[in-house]
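One structure is given here, and the rest of the page talks about it.
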Amino acid sequence: MKGYIYTMYEGADPGHGWDLNDPIFGDVPTLGACVPNIRRAVEIGDYIFVVSGRVRNEKQFVVGGFRVDEKISALAAFKRFPVNRLRVSEDGTLQGNIIVNSRGEHHALDNHDNFAARIQNYIVGGDPVVLETPTQQRAGREETIPFLNHLFGREGERVFDAIGRHRKMTEPQVKQTIDWLRDLAE
């Protein structure tokens with residue numbers, strides 16, 4: 001078992017009104033179009049952890065993580081997870097993480113490049129642990145940087161100093177992170 005931890009894009013912070021439009025932590029955790037390099041590298045039983053994006057005058061935090069249970073194609077995900085299909089919600093925001101249409105073609109709402117590389121390795125997960133409440137998120141903000149510095153043997157003042165944009169994790173690091181998140185989520 002190994003793990004990966006990555007940082008979401010700027011502004012992607014569920015503690016500041018950002019909606020997890022990519023259903024990373026839905027009823028069934030999934031990771032569809034983002035971080036194709038991590039989705040390609042993970043194996044069944046590995047873990048993926050997600051850090052909030054930068055928000056001005058706010059500390060980033062580990063939002064949560066989940067175990068990789070399956071890797072399927074985007075077309076298989078389209079059939080299996082209709083709620084995760086790309087769509088525009090009632091409030092006008094883009095929702096979902098399945099970037100193909102019913103014929104397996106590039107969905108018109110997805111405006112990213114490298115479509116062929118992004119439709120492989122749709123991740124279906126299990127055993128999620130997520131910091132959802134404001135109290136849990138505040139604790140996560142205070143503890144994330146010291147925790148990551150200790151976990152990776154770094155000294156820094158930002159998440160980037162500890163992990164860069166993403167980082168591979170060993171089995172003991174994964175277990176420590178799961179335990180830490182579960183303690184914060186209680």
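Since every read-out is calculated from the coordinates, none of them should be taken as a lab result. On a predicted model such as this, the values are computed, not experimentally measured, just so you know. Because the Cβ atoms are built from the backbone with ideal geometry, glycine has one as well, and the counts that use them run over all protein chains shown.
Distant-in-sequence amide contacts of R87, defined by a placed amide H-H separation under 5 Å and a gap of 5 or more residues or a different chain, comprise Q95.
Taken about its Cα centre, the range 103-186 carries a charge dipole of roughly 240 debye when the Cβ of each Lys and Arg holds +1 and the Cβ of each Asp and Glu holds -1.
Taking every DSSP bridge with both residues inside the chain, close to 80 percent are antiparallel. Taking N as the residue count of the range 93-186, its C-alpha radius of gyration divided by 2.2 N^0.38 Å amounts to 1.41. Helix 134-152 and the longest principal axis of the Cα set of the chain meet at an angle near 70°. Taking label points 7 Å from Cα along the Cα-to-Cβ direction, D91 and D183 give a separation of 3.4 nm. Close amide H contacts of Y4 (hydrogens built in the peptide plane, cut-off under 5 Å, sequence separation of 5 or more or a different chain): Y47, I48, F49, M169. Here is the P(r) of the chain: all C-alpha pair distances, binned every 5 Å from 0, give 1, 8, 17, 21, 20, 16, 10, 5, 1, 0 in whole percents. Considering only N84, N149, N57, the Gaussian network model of the chain with Cα springs below 10 Å gives its largest mean-square fluctuation to N57. Cα gyration tensor of the range 1-92, axes a ≥ b ≥ c as square roots of the eigenvalues: rounded (a/c below 1.5), prolate (a/b > b/c) or oblate? Because a/c hits 1.5 or more and a/b fails to exceed b/c, the range 1-92 counts as oblate.
Taking θ as phi - 60° and the Karplus parameters 6.51, -1.76 and 1.60, the scalar couplings of the range 107-123 work out to 5, 4, 7, 8, 10, 8, 7, 6, 3, 4, 6, 8, 8, 8, 6, 5, 9 Hz in sequence order, x denoting glycine and proline.
For the chain, the longest principal axis of the Cα atoms and the long axis of helix 171-185 meet at an angle of about 90 degrees. Sorted fewest first by neighbouring Cβ atoms within 10 angstrom, L184, L75 come out as L75, L184.
Of the residues D179, D113, D161, the one with the fewest other Cβ atoms within 10 Å heads the list, and the complete ranking is D113, D179, D161.
Relative contact order of the chain, taken over Cα pairs closer than 8 Å and 6 or more residues apart, is 29 percent. Remark: relative contact order (the range 65-168) = 27 percent; criterion is Cα-Cα distance under 8 angstrom and separation of 6 or more residues. Relative to the Cα centre, the charge distribution of the range 1-121, modelled as +1 at Lys and Arg Cβ and -1 at Asp and Glu Cβ, gives a dipole magnitude of about 320 debye.
Given R0 = 25 Å, the distance between the Cβ atoms of R80 and D113 translates into a calculated FRET efficiency of 0.45. Between D69 and E157, the FRET efficiency estimated from the beta carbon spacing at R0 = 35 angstrom works out to 0.50.
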